[in-house]
Amino acid sequence: MDISVFLLKFWGWYCIIFFFVLSFNPKRVKQIVDNLQDARFLIILSLFAIIIGLLNVLVHNVWEANIKLLITLFGWLALIKGIVLFTFPKQMINLLKQTNLKFIQALYMMLFFLGLFLLNEAYGIVPF
């Protein structure tokens, strides 16, 4: 299997699963924000983001103007998110506390549609 197709499936399913888990349990968002105040949770979260982002960037750092660019950007965003969380934990916690819950829910909807788009690109369900 081509690494691009594998990563399309990975990020597509990740977005869909993340959307459903947080949509069916909206209290989980507040719990995540509360848990981010615990340094151990924040370190583990940032390390996972760094590992996933770095692996994505190392195996797929393709800067072409097609769907492969989106996969590369996912990897870089995960890596940058992990580094920022690890480096500036207090500032990120404050930013999350100030973020409106409705804005977060709108982001989940975008994640859902992005996940559908990525899965469609990977599986070729609806041809464009």
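The values are calculated or read from the model by the stated rules, or taken from the named source; none is laboratory data. Just so it is clear, the structure is predicted and the values come from calculations on it, not from any experiment. Quick reminder, even Gly has a Cβ in these numbers, built from the backbone with ideal geometry, and neighbours come from all protein chains shown. Heads up: the accessible areas ignore ligands, DNA and RNA and are worked out on the full protein's heavy atoms, side chains in. Shrake-Rupley method; radii C 1.70, N 1.55, O 1.52, S 1.80 Å.
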Only one of Leu101, Leu107 that is under 13 Å from the mean Cα position of the chain (by Cα), at pLDDT below 90 and open to solvent by 60 Å² or more (accessible area, probe 1.4 Å): Leu107
Single match in Leu119, Leu96 (criterion: more than 19 Å from Ile17 (Cα to Cα) and open to solvent by less than 80 Å² (accessible area, probe 1.4 Å)): Leu96
Test: Phe113 is in contact (Cβ under 8 Å) with a residue 24 or more places away in the chain and surrounded by 11 or more Cβ atoms within 10 Å (Cβ to Cβ): no
Qualifying residue in the range 23-40 (condition: farther than 17 Å from Leu116 by Cα, out of contact with any Leu (no Cβ under 7 Å at 6 or more places or on another chain) and of a type in the set (Phe, Trp, Tyr)): yes
Long-range neighbours under 6 Å by Cβ, at least six apart or interchain, first residue over 23 Å from Ile93 (Cα atoms) within the range 46-60, second open to solvent by 80 Å² or more (accessible area, probe 1.4 Å) and β-branched (Val, Ile, Thr): none
Long-range neighbours under 7 Å by Cβ, at least six apart or interchain, first residue within 13 Å of Met109 (Cβ to Cβ) within the range 1-27, second among the β-branched types (Val, Ile, Thr) and assigned to a helix (DSSP H, G or I): Leu22/Val29
